[in-house]
Structures are given as structure tokens and as C-alpha cells.
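The values are calculated or read from the model by the stated rules, or taken from the named source; none is laboratory data. Everything numeric in this text was worked out from a predicted model, so none of it was measured. Using ideal geometry, Cβ is built from the backbone for each residue, glycine included, and neighbour counts are taken over all protein chains shown.
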Amino acid sequence: VSTKDEIRIGILGFGTVGQGTWKHLSENAESLERILGVRLEPVRASVRDLSKERGVAIPADRLTTDSQSIVDDPSIDVVCELIGGVDEARELTMRAFANGKHVVTANKALICEHGEELFEAAEKADVRYAFEASVAGGIPIIKVLRESLVANEFPLIYGILNGTSNYILTRMEREGLDFEAVLADARELGYVEADESLDLDGIDAAHKAVILAYLAHGMWFPIEDMSIEGIRRISPEDLQAARELDCKIKLIAVIRRNFENNHVSAGVYPALVPMREVIARTNGVYNGVSVTGTVAGTTVLTGRGAGQDPTASSVVGDVVDIVKSITGAAPPPKLLHVTPNECAPAAAREVTGSFYLRLTVDDRPGQLARV
């Protein structure tokens, strides 16, 4: 238990989410201090370009291009790793742990590729590694799985985990536009990652599915074994056909567990979702996650899945949870409430499903019979 009256926070990466985190920590400083009994003080942020204009007020002497100086600063208690990418982020995170610092991240690719190593390093260093912002932006799905639904096992988790692809499909469906036209708008609005394949080919959603599978089932699903398909081949005609079937086409991540053999399947693909489901009615940049538990039944969470404010909200929420464990106000939650490695990936032949075919044929007698 700490007797500090101030918790000092360093931020690695000062892009959209980094600036949002600094802004909300600063603007809500008084209310957070009343809640926690200690002051949260953002003190340093690392950037690539000191001369760049930014949308948040920050004294010039609080900025640095040297990220390592933040993780090595003995006065900093909590590091928010918001730089993205994998290699540098991993190195800085491991160094922060070695220096006894707690780390908050929004980096799903890092956790997907190195989560097992990072969680072990955090436990060995007796520090917290918090990652709510890594999946579904402002939706607290990780807290729900780890805490709220702790009495459950999960036969099915599925949902929309990428807001960009959902925005594109929503615009195509509502306005009858083709994929390329809506993609151009999404680029202008800043919705698309620099590496567009992350959003358009299902890879971003797959990273998040790996994290959810770990929390729900205690196993790291190899992303190379996952069936992953994006939205590039979806046409307005497909979306119209889905409407006629009282469905919507959504890019969804699906995680299923077979309790007879404890095999888990995971995949990301466009699917026909019946309109009676909340996920089908989750539109635009919103995300939605449906969690079926053995005790609670089905719980659905929807909300903004990306952007400065929702993601920064999750980062600040993780900082607050860490501060509560530092001050002794609340014990840190267990990372897992399931038996690690009890489950194994399902073989491809075990995974079954229904498929939709749309055929264009001549309008004359006997054509469908020939098909």
C-alpha cells in the first residue's frame, strides 16, 4: 500500500489516443482526486516530432522524443504505452516492468503477439499490465469478462470488433454505394489505419479475438490458424440480398468453445446476422459484442469502438484501477479466472457453418433446377 499523495504518469506516443488521455487526466484531475484520494499528474509524453502542432494544451518542456527516458524516470509510477506497433512497444514495456512501473496499453497487436511473455514479466515484477483499451475502444468488454461475468464459462462470444469495416458496410448498405467509394470517404475522415489491411482484411479484429479467447478460455489462439476474411469482396448486391433475408452483413469475430472436448474455434469473416440480433443493428463506427455465458445467458455490449474519447476513456479507467491497487483501495483483479491451457484450438474439420451463395442466372424455365 502506497502513502503517496501524487501518482505520476508518463505517456508513450502522443497521437489521437495519447492526446485524449492527457486531456482527460488533466480536465478531470479534481474529480479523480476526490474519488481516489490521490492526485493523478501526467508529467511527460514522448513524440516523434517536437514541432508538430497538437490539439491539446501541453507545456513544451513536458514533451520529449526519448521514450526510454520516460520508462527510466524513477519519479514516474504508471506508463501509458500508446505508440502502436510491436517491437519498440514490447521493448519499452519490458523495460518499464523491469523498472517497477505499471503499464496501461491500447496495443492489441502487441498483446496478440507477445501477451504471454508480457503478462509473465508483469507478474514477476509485481506490477500491473492493463489493456482494456486494446479491444473495442470504449466498451469495457475486458472488465466484463474478468470481473462481472466471472461465474460463467462462455460457449459463444461474437461481435463487431472493428469500427472502420462496420462504417463501410453501413454506408454501402444504406446508400447503395460500392466499396471503393465508401473507402475513399473513410480515408478522408481518418477512420482507416495507415496499414489498411488491418481494417479491411479482418486482421485488427483477429488481434482482438485472440485477446478475448485468452480471457474467456485461458489459451492463446494462434492467429495463423485462424480463418480470417475481410470485406473487400462485399458488393451492394450482397447487402441487398441480405436485406431480403431479413439480415445484415457484418464483419464479425466469432469464438466458440466445445465443452465436450474443450476445443476452441475462432475466426473473423463477413456473416449474415439476423435483424433480431442487436449486433445486426449496430451501425457506423460502433462496435458490439455478444457474450453468452453458462450462468448469465446472453449479454450484449455496444458502443464507440475507436476514436480519441472512447479509447482514452478506457485508458484512464485502467489508470484509475491501477491507482486503486497502489493505494490499497481495491486489490488487483486476477488476470484469469479459468484454468490456463485447459483448452486447445479446434481443427479446421471441426468447424462447421452455413453459407450463402448468390447466383446470377438467365430468367428462363429450368435454370434453378440445373444449379
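Annotations for the structure displayed:
- The residue of the range 1-25 that is farthest from Gly137 (Cα to Cα), among those that are part of a loop (DSSP other than H, G, I, E, B) and either in contact with a Ser or Thr (Cβ under 8 Å, 6 or more places away or on another chain) or not small (Gly, Ala, Ser) (or both), is Thr3.
- Residues that are farther than 23 Å from Met172 by Cβ and aliphatic (A, V, I, L, M) within the range 210-243 comprise Val210, Ile211, Leu212, Ala213, Leu215, Ala216, Met219, Ile223, Met226, listed in sequence order.
- Among the residues of the range 219-238, those that are touching a Gly at 6+ places or on another chain (Cβ under 6 Å) and either of a type in the set (Val, Ile, Thr) or outside any loop (DSSP other than H, G, I, E, B) (or both) comprise Ser227, Ile228, Pro236.
- Any hit, the range 195-203, residues being under 15 Å from the mean Cα position of the chain (by Cα), in the same structural domain as Tyr158 (by TED's automatic domain parsing), not in a helix (DSSP H, G or I) and not polar (S, T, N, Q): yes
- From Pro310, Pro333, residue being surrounded by fewer than 20 Cβ atoms within 10 Å (Cβ to Cβ) and of a type outside the set (Phe, Trp, Tyr): Pro333
- Considering residues of the range 204-229 that are over 16 Å from the mean Cα position of the chain (by Cα) and under 24 Å from Val182 (Cβ atoms) only, the residue surrounded by the fewest Cβ atoms within 10 Å (Cβ to Cβ): Glu229
- For Arg39, the stated conditions hold: it is among the charged types (D, E, K, R), farther than 23 Å from Tyr129 by Cβ and assigned by TED's automatic domain parsing to the domain that holds Ala122.
Residue by residue, here is whether (1) in contact (Cβ under 8 Å) with a residue 24 or more places away in the chain; (2) assigned to a loop (DSSP other than H, G, I, E, B); (3) farther than 19 Å from Leu215 by Cβ holds:
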| position | (1), (2), (3) |
| --- | --- |
| Thr299 | yes, no, no |
| Ala306 | yes, yes, yes |
| Asp321 | yes, no, no |
| Thr360 | no, yes, yes |
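- Wholly within the range 65-158, helices (runs of 4 or more DSSP H) carrying at least 1 residues that are among the basic types (Lys, Arg) and in contact (Cβ under 8 Å) with a residue 60 or more places away in the chain: 108-125
- Checking Val210 against (1) modelled with pLDDT under 95; (2) closer than 22 Å to Val135 by Cβ, the condition it does not meet: (1)
- Within the range 171-181, the set of residues being in a helix (DSSP H, G or I) and touching a Ser or Thr at 6+ places or on another chain (Cβ under 9 Å) comprises Met172, Phe179.
- Gly293 vs. criteria more than 17 Å from the chain's Cα centre (by Cα), surrounded by fewer than 11 Cβ atoms within 10 Å (Cβ to Cβ) and more than 27 Å from Lys101 (Cα to Cα): no
- Remark: Ala194 falls outside the filter, which requires a residue to be of a type in the set (Gly, Ala, Ser) and either at pLDDT 95 or above or within 19 Å of Met275 (Cβ to Cβ) (or both).
- Filtered residues of the range 201-222 (kept if touching a strand residue (DSSP E or B) at 6+ places or on another chain (Cβ under 9 Å), more than 17 Å from Ile141 (Cβ to Cβ) and of a type outside the set (Gly, Ala, Ser)): Asp201, Ile203, Met219, Pro222
- Selection from the range 26-42 of residues that are part of a helix (DSSP H, G or I) and surrounded by 12 or more Cβ atoms within 10 Å (Cβ to Cβ): Ser26, Ala29, Leu32, Glu33, Ile35, Leu36
- Some residue of the range 260-272 being within 30 Å of Arg34 (Cβ to Cβ), surrounded by 14 or more Cβ atoms within 10 Å (Cβ to Cβ) and among the hydroxyl-bearing types (Ser, Thr, Tyr): no
- Reported count of residues in the range 256-282, each being more than 17 Å from Met219 (Cα to Cα) and outside any loop (DSSP other than H, G, I, E, B), is 11.
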